[in-house]
1. Rounded to the nearest Å, what's the spacing between the alpha carbon centres of region 79-94 and region 178-225? Just the number, please.
2. Taking amide H positions as placed 1.01 Å from N in the peptide plane, with prolines and chain starts having none, which residues 5 or more places from H121, or on another chain, fall under 5 Å of its amide H?
3. If we count every other residue with Cβ under 13 angstrom of A209's Cβ, Lys/Arg +1 and Asp/Glu -1, where does the sum land?
4. Using +1 at the C-beta of Lys and Arg and -1 at the C-beta of Asp and Glu, which of S28, L201, V270 has the Cα lying farthest in the positive direction of the dipole of the chain?
5. With charges set only on the Cβ (+1 for Lys and Arg, -1 for Asp and Glu), what does the dipole of region 60-143 come to about its Cα centre, in debye to the nearest 20?
6. Under 11 Å from the Cβ of A87, count the other residues' Cβ atoms, weight Lys and Arg +1, Asp and Glu -1, and hand me the total.
7. Rounded to the nearest 20 debye, what is the charge dipole size of the chain about its Cα centre when +1 sits on each Lys and Arg Cβ and -1 on each Asp and Glu Cβ?
8. Could you sort F58, F125 by their accessible area in this structure, using a 1.4 Å probe and putting the largest first?
Amino acid sequence: MTGPEPAEAARLLAAARRPVVFTGAGMSAESGVPTFRDAQTGLWQRYDPQELATPAAFRADPALVWGWYEARRRGVRRALPNPGHRAVAAIQARLPETVVITQNVDDLHERGGVPAPVRLHGSLFAPRCSACARPAPLPSDLPPHDELEPHDELEPHGGPESRGEPEPHDGPLTPPACAGCGAPVRPGVVWFGEALPSAALDAAVEAAAGCDLLLTVGTSALVHPAAEIPLVAARLGAPVVQVNPVPTPLDAICAVNLRGPAGEVLPALVRAAWPDADVG
Ligand code: BJW
Ligand code: ZN
């Protein structure tokens, strides 16, 4: 990184004691996980959120919705954390009071070394009953990621899907029935019109209100209430540093805007803040 903006961001990070890292889909883009709203590649360019990401959509066609989320879950299983995820882990390793808040439903922060991110929009890996909310087991289509042999490890930038090859079982898939009440199991994510998990939202607001730096990475900041988290930090006087290749509605409140991909900007930022940092 060169120029005054990266140097200022590195100075703010080096001075922080309780940073918040707030992430969105762009954080995982370089791992091959599609974002939602990017032109050409975003999921909402190809799919209608009203038909896939609302409670009404699931009621209308549970197999369509379950099949789509299962295909995405399999895509995430093939993805690997990128250098940006590892840089976030390096920040938390350096500053143990760091709180990582993510809107992402993948598990790449965990696999990248952040054991317990605050999850505002749930997870692809926590299905539950659509009626009684009882947690349901994940369909056992593959061995757990930890048990993959090295030669089984799939490409970081997407597998067959990204090469345009058909996915096995892509398409509608009848969801399993809840072991308790028999109702269809649903993905454990937060759809439009649903409340965010209150413990996660409370933890996020508290962390943003108490932080001394908020680093927002790879989010369009269009989806509420998550998009308000950086605003809480800014309102209470914490500097906000944004990492995104393009402008967002947060630009105006940011002390520094670092235009670029997270997988390049974050490792450079960490190295600039702490020259001895291990960012892989
Ligand atoms: C890179 C990069 C690289 C690319 N490096 N960067 C106030 C105003 C207006 C509307 C509302 C409001 N309050 C609530 C609403 C309604 C609604 C909403 O916000 N709608 C707006 C879209 C208009 N919100 C809700 O419905 C929420 N619920 C709610 O409000 O409930 C109220 C309630 C209370 C009490 C009882 C009942 C109800 C729920 C929102 C749930 C969002 N769910 C989704 C889907 C999750 C499941 C799934 O995965 O399918 O969450 S939508 C989708 O958007 C997903 C994401 O987490 C979320 C945010 O997207 P994100 O992460 O910002 O991705 P993108 O694609 O938008 O942006 C990517 C960015 O990365 C871009 O900027 C790129 O440039 C950048 N990038 N490559 C760094 N390499
Ligand atoms: Zn049930």
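1. Going from one Cα centre to the other spans 21 Å.
2. Here nothing satisfies the definition.
3. Neighbourhood net charge equals -2.
4. L201
5. The calculated dipole for region 60-143 is roughly 120 debye.
6. Neighbourhood net charge equals +1.
7. On the way: 22 positive and 32 negative charges, 120 e Å.
With Lys and Arg at +1 and Asp and Glu at -1, about 580 debye.
8. Per-residue accessible area, sorted high to low, gives F125, F58.
The values are calculated or read from the model by the stated rules, or taken from the named source; none is laboratory data. Predicted model only: the values in this text are computed from it and were never measured. Because the Cβ atoms are built from the backbone with ideal geometry, glycine has one as well, and the counts that use them run over all protein chains shown. The accessibility values were calculated without ligands, DNA or RNA, using every heavy atom of the protein model including side chains. Shrake-Rupley method; radii C 1.70, N 1.55, O 1.52, S 1.80 Å.
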